[in-house]
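J.: There's a structure below that I have some questions on.
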Amino acid sequence: MSVAPSDSAAKHALDALPVSDKMGHLVAYFVLVSLPMLTETRRWAALHAAGIVALGFVLEHWQSRYAGRGFDALDVAANIAGALGALAAAPGLRLMQSKGARSHVNR
């Protein structure tokens, strides 16, 4: 939705949801950064997180090309918060994943 025109049906549908736009950014970036952390090393996961945040920043700037859209620093802040939340949750996610893998082996 980052580069969807403001008058698109998809943008209107998202705007109608009873969830804050910023919460959508936070959750999306949490998921985008969390998934690789389950299989990659910490270093690659951190580089992936930085890349995702950089892409989000570029997409925010790109929005100014569309009528009715523009750069929103609070969207960028929500993206960063989601990515940092995923980095903070990574040890717990890895622990849950390793426990789940062990429980499947013991069956």
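J.: Using only DSSP helix segments of four residues or longer, with each worth -39500 (n - 2.57), what per-residue ellipticity at 222 nm results for the chain after dividing by its residue count and rounding to 500?
T.: Rounded to the nearest 500, the figure is -25500 deg cm²/dmol.
J.: A further question on this structure: In degrees from 0 to 90, rounded to the nearest 10, what is the angle of the helix 42-62 Cα long axis to the longest principal axis of the chain?
T.: 10
J.: Now a separate question. May I ask you to give the percent of accessible area on the chain that is carbon plus sulfur, with a probe radius of 1.4 Å?
T.: 69
J.: Once both labels are modelled 7 Å past Cα along the beta-carbon direction, what's the A54-S20 spacing in nm?
T.: Between A54 and S20, the simple spin-label model gives 2.9 nm.
J.: Oh, and also: Summing +1 for each Lys or Arg and -1 for each Asp or Glu, what net charge is found among the other residues whose Cβ lies under 12 Å from the Cβ of A28? Walk me through the intermediate numbers first.
T.: Details: positive: K22; negative: D21, D75.
So the surrounding residues net to -1.
J.: Kindly provide the chymotrypsin sites (Phe, Trp or Tyr not before Pro) of segment 49-89 that DSSP labels as loop, not H, G, I, E or B, and whose Cβ sees at most 14 other Cβ atoms within 10 Å.
T.: Those satisfying the criteria are F71.
J.: Take H61 and Q97, extend 7 Å from each Cα along the Cα→Cβ direction, and tell me the distance between the two endpoints in nm.
T.: My value for the distance between the label points is 3.1 nm.
J.: Angle, helix 21-37 long axis vs. longest principal axis of the chain, Cα atoms, 0 to 90°, nearest 10?
T.: With rounding to tens, the tilt is 30 degrees.
J.: At a 10 angstrom cut-off on C-beta neighbours, averaged per residue, how do the peptides 22-30, 46-54 rank from highest to lowest? Don't jump to the answer; show the numbers that get you there.
T.: On the way: 22-30: 18.3, 46-54: 16.3.
Ranked by mean Cβ neighbours within 10 Å, highest first: 22-30, 46-54.
The values are calculated or read from the model by the stated rules, or taken from the named source; none is laboratory data. Computed from a predicted model, the values in this text were never measured in an experiment. Neighbour counts run over all protein chains shown; Cβ positions are idealised from the backbone, glycine included. We work out accessible area using only protein heavy atoms, side chains counted, and drop any ligands, DNA or RNA first. Shrake-Rupley method; radii C 1.70, N 1.55, O 1.52, S 1.80 Å.
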